[in-house]
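Take a look at the structure below.
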Amino acid sequence: MFKIYKNRLIISLFYAFVFISNSYAGDVFEQLPTKIHENEKYVFYSHGFIVEGTNPTPVSTRWGKYDFPQIKKSLADEQYNLIAYHRAKGTDPRAFAKKLASDIKILVESGVQYQNIYMVGFSRGGAITVLTSNEVRSKKINSIILAGCGSFVTTNQDVKVYGNVHSIYETSDGVGSCQHLINRSDKVQSFEEIAISTGKGHGAFYNPIPEWVVPVKNWIKSPKN
């Protein structure tokens, strides 16, 4: 039901066009922008649990530094608007999912189509992405889950995902495939999953390495009907 890809060519392109030149990077919003353009794409990136608080570059003794600023910089693109909140310490995932769902409602009421809205989340942020999808319940919205189908998603069987779903997980990580989430979600329109093998475990998503950034940006920039 899903495909596993190796991204050797796009990895080299990533280094050429993202790390060498930043002239094409779009703006990054820390809040929902006040001016909304109905024909543009909007992307919400939700970081992992370790970043909750005031430090944008916290260090894990196991996985190293989580470089939230560099991730935002690498995900930004002139073809869409990137919104990346820095969540407060102790944020309740369900409450924050309702906040994102409220943001999405504002976008839709301003004329943005669901197919032009993307939610990208890693780990705790991935669980928040799933929770937000469960709140919005649109068959056209897009979710990109990065190592986010762990214990929270497994335990809360009532939570389902909707619309178009993409997933990336690291083979050396304890958090694996999202297939179990898809199996219980009967309103998924499409599902594509990639397994990467960097040997970095959960820390593979702590920095903007091409193995996951390239497919995420490709998914976002692909045209949707």
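Say the cut-off is 30 Å between C-alpha atoms; which of Lys140/Lys217; Lys160/Lys221; Lys65/Lys139; Lys73/Lys187; Lys73/Lys200 go over it? Beyond 30 Å between Cα atoms: Lys65/Lys139; Lys73/Lys187.
Taking other C-beta atoms within 10 angstrom as a stand-in for reagent exposure, Asp103, Asp92, Asp158 fall in the order Asp158, Asp92, Asp103, fewest first. Label point of Gln79 set 7 angstrom out along Cα-Cβ; within region 101-133, amide nitrogens under 19 Å from it belong to 113-121. Would you calculate the separation in nanometres between label points at Gln113 and His37, each defined as 7 Å from the Cα along the Cα-to-beta-carbon direction? Between Gln113 and His37, the label points sit 1.7 nm apart.
Which net charge results when you count Lys and Arg as +1 and Asp and Glu as -1 among the other residues whose beta-carbon is under 11 Å from that of Val59? Within the 11 Å Cβ shell, the charges total +1.
With the cut-off at under 17 Å, measuring from each backbone N in region 107-136 to a point 7 Å along the Cα-to-Cβ line of Asn156 picks out 119-136. Placing R0 at 35 angstrom, the Cβ-Cβ distance between Arg137 and Thr91 gives a FRET efficiency of 0.95 after rounding to 0.05. Taking amide hydrogens as placed 1.01 Å from N in the peptide plane, the amide H of Ile83 sits under 5 Å from those of Phe29, Val43, Phe44, Tyr45, each at least 5 positions away in sequence or on another chain. Annotation: amide H-H contacts under 5 Å for Ile194 (H modelled 1.01 Å from N, sequence separation of 5 or more, or interchain): Ser167, Ile168, Tyr169.
Between Glu30 and Gln179, what length comes free when the chain is fully extended (0.36 nm per residue of separation minus the Cα-Cα distance, one decimal in nm)?
50.5 nm
Relative contact order of region 90-178: 26 percent, from C-alpha pairs under 8 Å at least 6 residues apart in sequence. Working note: Karplus 6.51/-1.76/1.60 with θ = phi - 60° gives region 71-81 the couplings 4, 4, 4, 6, 7, 4, 7, 5, 8, 7, 9 Hz, where Gly and Pro are set to x. Using C-alpha pairs under 8 Å with a sequence gap of at least 6, the mean separation divided by the residue count of the chain gives a relative contact order of 22 percent. Could you work out the helix-only [θ] at 222 nm for the chain, with each DSSP H run of four or more residues adding -39,500 (n - 2.57) and the total divided by the number of residues, to the nearest 500 deg cm²/dmol? So the calculated ellipticity at 222 nm is -9000 deg cm²/dmol.
Where a number appears in this text, it was derived from the coordinates with a stated rule and is not lab data. This one's a predicted model, so the numbers in the text were calculated from it and none came from an experiment. Every residue, glycine as well, gets a Cβ built from its backbone with ideal geometry; the counts of neighbours run over all protein chains shown.
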